[in-house]
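> Mind having a look at this structure? Questions to follow.
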Amino acid sequence: MAKSATKPVSSKASAAVAAAPGGILPAQDIRALAEAGVILAATPFGARQVQPASLDLRLGAVAYRERARFLPQPTADVASRLADLALHEVDLTNGAVLETGCVYVVPLLESLALPPHLAAAANPKSSTGRLDVFTRVIADRVPAFDTVPAGYKGQLYAEICPQTFPVLVRTGSTLSQLRFRAGQPTFSDAERADLRRRERLVGGDAAGLVGAEPMADIQGGIALSVDLAGDSAGLVGYRAKRHTGLVDVDQPGACSLLDYWEPIHARAQRRLILDPDQFYILASKEAVHVPPTHAAEMVPFNPLVGEFRVHYAGFMDPGFGHAPAGGTGARVVLEVRSHKVPFVLEDGQVIGRLVYERMLSVPDKLYGVDLGSNYQAQGLKLSKHFK
């Protein structure tokens, strides 16, 4: 378990979490919070655990196999629910397999002692989403997933539900990430329009963000559409296979692509019928640019655009698709699953929305710079585990 003693928040950390004007905390401020005891870790951070605008969260030593998913309640902490619903414990210290269709809850190596003006939100990492591992962060007495309210003090837990591939994890594996928000980082439609005038945020050509931005805003975000025309070879996506081997989440490039995925190629109609409860990897038609002054998040599901889920992993760091950071535009990879019934996707159909939030300050390292980022300047791309 993480240590519980806290130190006074330093002046450096206090500046990092100032309530005005509001923004996402960058990497250097996340490190300052750890030094001040706002972020509590059972073991020292790993070399790449602090990302430009988020903190990777590490699994602890034990996973609890649960009868069912549950939402924390204000009247009971997570540990009491685990005791009530747990079927058995799984030791993660030497690695263990999490099976598909099962629900696991893992205490994380990180806990928090947030000040009153600092909140946090969680999301699966990109590689986690592309493996179809449904992951949520839960906190004691917080009746919402992936939400840590301002002033929270306590343990964090990961709920993990592999959907398609059984995964091998261990103590220290990172499946989720946490963003820290001071004040209100989002902004008005007028401010968003001004940002779009100053920084080309989306464009029609993934090689250089050229062309017009014809997409209308939907519910306060910039709309993205799905590409079913395909690349030069006509490849538009992948459909996950069933009954595959394991995926070790800590071993990049260890799995043969064709053992796990069925490539999907463009058809004359430029459409794709999603089979119910089947998992697909597709890509946006637009190239996306996240300038160093902002972070972005892909909203995972919007009932206005269809009965399917898009994008399990929504955080995009400052520098994603940014030319000086080695990007020059990058398409958004879409993790797609239809709900219960077949659903037709058409080329260019709006499939989700991208919400930009201002950074409190520019990160000292950008996505794609000195981080070995796996998905910078990407087109259609599976997770880093496949070769």
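> Do you know which of the residues in the range 53-76 that are of a type in the set (D, E, K, R) and surrounded by 17 or more Cβ atoms within 10 Å (Cβ to Cβ) is farthest from the chain's Cα centre (by Cα)?
By that ranking, first place goes to E66.
> Which of the residues spanning the range 74-93 are at pLDDT 95 or above and assigned to a loop (DSSP other than H, G, I, E, B)?
L92, T93 - these are the residues of the range 74-93 that are at pLDDT 95 or above and assigned to a loop (DSSP other than H, G, I, E, B).
> Hand me the list of strands (runs of 3 or more DSSP E) wholly inside the range 256-299 holding 1 or more residues that are buried (at least 18 other Cβ atoms within 10 Å of the Cβ) and modelled with pLDDT under 90.
Strands (runs of 3 or more DSSP E) meeting the threshold: 279-288, 294-298.
> Can you name every residue in the range 33-52 that is among the hydrophobic types (A, V, I, L, M, F, W, C), buried (at least 23 other Cβ atoms within 10 Å of the Cβ) and farther than 25 Å from R170 by Cβ?
Scanning the range 33-52 gives L33, V38.
> Do you know which residues across the range 64-73 are part of a loop (DSSP other than H, G, I, E, B), modelled with pLDDT of 90 or more and out of contact with any helix residue (DSSP H, G or I) (no Cβ under 8 Å at 6 or more places or on another chain)?
Result: R69, single match.
> Consider S225 carefully, then state whether it is at pLDDT below 95, open to solvent by 60 Å² or more (accessible area, probe 1.4 Å) and either hydroxyl-bearing (S, T, Y) or on the phi > 0 side of the Ramachandran plot (or both).
Details: at pLDDT below 95: yes; open to solvent by 60 Å² or more (accessible area, probe 1.4 Å): no; either hydroxyl-bearing (S, T, Y) or on the phi > 0 side of the Ramachandran plot (or both): yes.
Here the answer is no, as S225 does not meet what is asked.
> Also, quick follow-up: Quickly run through the range 28-52 and pick out the residues that are over 20 Å from the mean Cα position of the chain (by Cα) and part of a strand (DSSP E or B).
Those that are over 20 Å from the mean Cα position of the chain (by Cα) and part of a strand (DSSP E or B): L40, A41.
The values are calculated or read from the model by the stated rules, or taken from the named source; none is laboratory data. Quick caveat: nothing in here was measured; it's all calculated off a predicted structure. Note: ideal-geometry Cβ built from the backbone for every residue, glycine included; neighbour counts use all protein chains shown. Note: accessible area is taken over every heavy atom of the protein model, side chains too, but ligands, DNA and RNA are not part of it. Shrake-Rupley method; radii C 1.70, N 1.55, O 1.52, S 1.80 Å.
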